[in-house]
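Take a look at the structure set out below.
The values are calculated or read from the model by the stated rules, or taken from the named source; none is laboratory data. A quick note: this is a predicted structure, and the numbers were derived from the prediction, not measured. Positions of Cβ are generated from backbone atoms using ideal geometry, with glycine treated the same way; all protein chains shown enter the neighbour counts.
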């Protein structure tokens, strides 16, 4: 995972995070002013930034996951961090889908903005913050919707809805569960959704499992009398941890492939490092004979 981070950092620094001339991303940026409006003077540029920023968070999560795997106290947290990496990776992966036009990319970005504004509104409402803050959030939402209508987008939902955000049609931003099935395995597979749910069950349910299950696990790492007891009761092994957390590196690789393609960055180094990472992960998980995509 450290090698993957070095590959990404070197490539990102070489291009200063910008799309290379002639790349799909650079071509799209030429249409930036066409879609300018109340939602922003450079919506295409903003959509690009919205896709790149979460990539940094995903890479940080992967760094943390590597540290947790080598830490005796990282049992519970490793699954939570892996789940977070998978969750965050779906947004840039979805925003950077190849083959969609500029309008569709901006539509997806604006739907994420509308979701964020709704979440902020709910958070503010829960804490009884001053009415002017709510009014500010409502005005920002209204500005996005007016700009969308001006540019011919269909607007769905109502601002007054207390739970669901407005969105630009025809579809809302898909859930992580739906995207997980597509980002983990190209072409779609139940595996992605399974890994997403597995990390949830592990992250939130293993403490209860400690009280419910008392099975021997002779392969559990002996990091100390107390830790060994916990590992045994949770039926933990390095193989199971690698299997449950596999969604994190797989989603990260899919995300980076789309980012490199969109920005026109050379991907030979990424593919080489990605295959090495996948082979190592499969070996640890006990699936060394599986095919590396």
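The table that follows gives values for the structure above.
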| quantity | calculated |
| --- | --- |
| Any hit, segment 137-157, residues being touching a helix residue (DSSP H, G or I) at 6+ places or on another chain (Cβ under 9 Å), over 18 Å from residue 107 (Cα atoms) and in a helix (DSSP H, G or I) | yes |
| Residue check, residue 84 assigned to a helix (DSSP H, G or I) and more than 30 Å from residue 199 (Cβ to Cβ) | no |
| Criterion violated by residue 143 - all others in (1) over 25 Å from residue 97 (Cβ atoms); (2) at pLDDT below 95; (3) surrounded by 14 or more Cβ atoms within 10 Å (Cβ to Cβ) satisfied | (2) |
| Long-range neighbours under 7 Å by Cβ, at least six apart or interchain, first residue touching a residue at least 40 places away in the same chain (Cβ under 8 Å) and at negative phi within segment 186-198, second outside any helix (DSSP H, G or I) and surrounded by fewer than 15 Cβ atoms within 10 Å (Cβ to Cβ) | 186/293 |
| Residues (at pLDDT below 95, assigned to a loop (DSSP other than H, G, I, E, B) and either more than 21 Å from the chain's Cα centre (by Cα) or crowded, with 20+ Cβ neighbours inside 10 Å (or both)) located in segment 166-186 | 169, 170, 173, 184 |
| Leading residue by the ranking (farthest from residue 237 (Cα to Cα)) among those in segment 41-72 that are free of Cβ contacts under 8 Å to residues at least 24 places away in the same chain and not in a helix (DSSP H, G or I) | 41 |
| Qualifying residue in segment 110-117 (condition: closer than 30 Å to residue 1 by Cβ, modelled with pLDDT of 90 or more and surrounded by fewer than 16 Cβ atoms within 10 Å (Cβ to Cβ)) | yes |
